[in-house]
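What follows is a single structure, written as structure tokens, with notes after it.
What follows is calculated from the coordinates using simple rules that are stated; it is not laboratory data. The structure presented is a predicted model; accordingly, all values stated were derived computationally and were not measured.
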Amino acid sequence: MAQGNGNCLQKLRTMRGEVKLEVAKERKAFLAQFHSLIGSWTGKLPNLRDIFRPEEIELLLAESVEFNPAFKASGLIQFLIRAGYKDEAKVVDKDGGNNVRVTAVHHAARRGYMHRSYLINDLFVIYERFDVNYSDENGYTHFHVACESGCDYVVKKFLEHGQDPDCRLARNNESSIVDPPLHMALVNGCSKVVGLLLRHGADPNLAVGDGSTPLHLVCRKANQASVFAKMLFEICDERGPGLKVDAQDKLGNTPFHLALRYDNKKLFEPLLRRMSDPNLADVEGLTPLHIICQKFSNDDYLRMFFRMNDDYKRLVRVNAQDSAGNTPLHLALSDGRMAVSKLLMERGADPNVANRDGVTPLHLICQMDESDSLMEKLYEICDGAERKVQANAWDNCNRTPLAWAVARFLPKTVGLLLDRGADLSYFEFPSEAQFDEASRLWRHYQTRLGQAALLTVERLQREDYRLDRSDALTLMRLLKRHEMFKKPFKPEVGRLCRKWALEFSLMLTRYRLPILCCDIILDYLEDDDICNICLAATGLNSI
């Protein structure tokens, strides 16, 4: 029920006389009553200084914004404004700079009310001294709060009163863990504040603890990154100093690294126009070229990267290695990026560079389903450049590219390698474990296994390579494990089995029958019977 004209004021005086505001429990109860009274207030508004001491009002404000819903806190703030209450600055240092004093503005910001700019704006009606920049013990000031809350009018007033836009006094405080105002405004998307700060001399290259500059922050943004980047570029071009586009953070990331990682495609061209070194690497040795080759399946952005660096006569190191020894070509091939891989090879990517595991790009090509066209492209480019491809390179597991191509059952790739100098004297037939590892890289492995295995073996045999009994048993066990001996037997499986049927027949009979007799018997057997002989041989424990 509404109070009478004089009753509200009298009730407030009575309530105040019955409570000790320095006692937290009593203060909390009083504040609940006060909020209720404010909601039904009628009549003349009080001069609050006649009822409360300034420090008591500060205590009530702080309690309200820190522990009450925003609408209740806003109600109290609005009441104080209507009543004409203004905070009076207590201590100002000689230079009019920072003063350590935690106010309701700080409490509201800590509570997360910086996203309710109306509430912060209203508090600044009460704390209207812009020649004093109150700071908490960590160097977090009223000016910081205004910047991260988007209170552009308040920011403007502070700047007009001579406020340093970078808050250097706060940053020089050894205990300060607070980011510069420009960083805060960018993180919170406060575009008007960003413009005000830059036009009043905020340092666009100032780095925080992790080495991030304002441009690093922009390149991480999910929304409006291009808007803020344009603002930074235009104002810095107009006023100076120029943006340090190649600045690296503590992890070695340039803004371009981050734009690539966060998929801010609209920033690629403006950053490429302004950078000076396209080969800067992060702490893992990754250059922008590495990231492009990891991230994009088509070659559009890679072409743009090369084209713009060519235009500005900047040399791109296409064979730069990261901390694992991988070149961009390693990464593109590992992710199956065909178009990107071909363009890298056209631009001079070296197929013979080995990473820390001894793996060359050629090893990786021989693990891919699309290896044939890539390998043809590789040899075409290397022939044109008179560059020799090391087809017999061993990785740290003693596998050559040919061993990988055989383990993947890639008959055409096997043929290309053999035609191009792969030496069978370096070749060791893959083990069961190596076949298993290769099968995990192959789509539709089981449906293609029989035919691919047959053609691969026949291609090796054309070069006079003869599988020994151990190799044959390895292959038979592989076929069995992938259920290739299920009836009805596939013709290619039968054809493959006939190649070792004689050897396995002799094994199964413990060499009691003459070879000629076994040969004659096998000639009369159907493929099903031949497959059964090979299947039986896979069950032998010794060779």
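Stretch GLU88-ASN396 to full length: gain in nm at 0.36 nm per residue minus the Cα-Cα span?
103.4 nm
If I fit a long axis through the Cα atoms of helix 515-524 and take the longest principal axis of the Cα atoms of the chain, what angle between them do I get, 0 to 90°, rounded to 10?
70
Could you tell me how many degrees, from 0 to 90 and to the nearest 10, lie between the Cα long axis of helix 300-311 and the main elongation axis, the longest principal axis, of the Cα atoms of the chain?
Taking the Cα atoms of the chain, the angle to 300-311 is about 80 degrees.
Calculated from the structure, Cα extents along the principal axes in Å equals which of (1) 95, 71, 41; (2) 125, 58, 34; (3) 121, 34, 33?
Computed from the coordinates, Cα extents along the principal axes in Å corresponds to (2).
If you take the Cα atoms of region 184-341, find Rg, then find the Kirkwood Rh from the mean of 1/r over all pairs, what is Rg/Rh?
Numbers: Rg = 16.0 Å, Rh = 16.2 Å.
Looking at region 184-341, the ratio lands at 0.99.
Just to check I understand the Karplus step: with θ = phi - 60° and J = 6.51 cos²θ - 1.76 cosθ + 1.60, what whole-Hz values come out for region 379-393, glycine and proline as x?
After applying 6.51 cos²θ - 1.76 cosθ + 1.60, I find 5, 4, 5, 5, 5, x, 8, 6, 10, 7, 8, 7, 6, 10, 5 Hz.
Would you calculate a helix-derived [θ] at 222 nm for the chain, using -39,500 (n - 2.57) for each DSSP H run of n ≥ 4 and dividing by the full residue count, to the nearest 500?
Details: 29 runs with 293 residues, N = 543.
Roughly -16000 deg cm²/dmol at 222 nm, from the helical runs in the chain.
Distance between the C-alpha centers of region 1-67 and region 235-292? Whole Å please.
Value for the Cα centre distance between the two parts: 55 Å.
Full extension from ASP350 to TYR511: what is 0.36 nm times the residue separation minus their Cα-Cα distance, to one decimal in nm?
On the way: separation 161, 0.36 × 161 = 57.96 nm, distance 5.27 nm.
Difference between extended and current length: 52.7 nm.
Hull surface divided by four, with the convex hull built on the Cα atoms of region 228-321: how many nm²?
Values: hull surface 24.9 nm².
The orientation-averaged projected area of the Cα hull of region 228-321 comes to 6.2 nm².
May I ask you to compute the full-extension gain from LEU502 to ASP372, defined as 0.36 nm times their residue separation minus their alpha-carbon distance, rounded to one decimal in nm? Walk me through the numbers on the way to the answer.
Numbers: separation 130, 0.36 × 130 = 46.80 nm, distance 3.42 nm.
Length gained between LEU502 and ASP372: 43.4 nm.
How many angstrom separate the Cα center of region 366-410 from the Cα center of region 175-228?
Computed from Cα coordinates, the inter-centre distance equals 48 Å.
Hey, what's the Kirkwood Rh for region 124-253 if you take every pair of different alpha carbons, in angstrom? All intermediate terms of the calculation are to be shown ahead of the outcome.
Working: mean 1/r = 0.0673 Å⁻¹.
Across region 124-253, the inverse of the average 1/r is 14.9 Å.
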